[in-house]
Amino acid sequence: MDQGLKALGITSVSLETFSNGGPPAPLPYTFTPGYGEWTPDHIARALEQFEAGKRAIDASGQVPPLEPEVVEAVQECLGWMRHAHAQPGHGVVGFRS
């Protein structure tokens, strides 16, 4: 999934982030599930990166060879980011086991 984001020029966010840490304070630390956040700044940058990548793809005509499932998952992530970005100060939180 992260490779799909990178193929489209998005490096500001990563799904791996959701498996790196423990739950937010004041919850006690546990190994599982992993917890991570995409801050509003990371989301804004990722959306800018996506638009720049899209323009580059449109200009070159070279579409990255991605599996349909990866494209669908990237679109889902973009939906999360657009929803959060439309609400100032909001980010995305994720849990992963």
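The values are calculated or read from the model by the stated rules, or taken from the named source; none is laboratory data. It should be emphasised that the depicted structure is a prediction, and the values quoted were computed from it without experimental measurement. Neighbour counts are summed over all protein chains in view; Cβ atoms, including those assigned to glycine, are modelled from backbone coordinates with ideal geometry. Quick note on the areas: whole protein, heavy atoms, side chains included, nothing else; ligands and nucleic acids left out. Shrake-Rupley method; radii C 1.70, N 1.55, O 1.52, S 1.80 Å.
Checking every residue in the stretch 19-26 against the condition of being out of contact with any Asp or Glu (no Cβ under 7 Å at 6 or more places or on another chain) and modelled with pLDDT of 90 or more gives zero matches. When GLY79 is tested against the conditions (1) surrounded by 14 or more Cβ atoms within 10 Å (Cβ to Cβ); (2) free of Cβ contacts under 8 Å to residues at least 40 places away in the same chain, the lone failure is (1). Taking each residue of the stretch 62-76 that is open to solvent by less than 40 Å² (accessible area, probe 1.4 Å) and looking for partners that are of a type in the set (Val, Ile, Thr) with beta-carbon atoms closer than 8 Å, six or more apart or interchain, yields PRO64/ILE57; VAL74/ILE10. Close contacts from the stretch 1-18, counting a first residue that is without any contact (Cβ under 8 Å) to a residue 40 or more places away in the chain and surrounded by fewer than 17 Cβ atoms within 10 Å (Cβ to Cβ) and a second that is small (Gly, Ala, Ser) and assigned to a loop (DSSP other than H, G, I, E, B), with Cβ to Cβ under 9 Å and a gap of 6+ residues or different chains, come to ASP2/SER14; LYS6/SER14. Residues of the stretch 25-58 that are open to solvent by 40 Å² or more (accessible area, probe 1.4 Å) and closer than 18 Å to TRP80 by Cβ: PRO33, GLU37, THR39, PRO40, ASP41, HIS42, ARG45, GLU48, GLU51, LYS54. Inspection of the stretch 50-61 identifies no residue that is touching a residue at least 60 places away in the same chain (Cβ under 8 Å) and out of contact with any strand residue (DSSP E or B) (no Cβ under 7 Å at 6 or more places or on another chain).
When the stretch 83-97 is filtered for residues that are modelled with pLDDT of 95 or more, touching a helix residue (DSSP H, G or I) at 6+ places or on another chain (Cβ under 9 Å) and of a type in the set (A, V, I, L, M, F, W, C), the ones remaining, listed by number, are ALA84, VAL92. Checked across the stretch 60-82, the condition of being touching a helix residue (DSSP H, G or I) at 6+ places or on another chain (Cβ under 6 Å) and either at pLDDT 95 or above or charged (D, E, K, R) (or both) holds for at least one residue.
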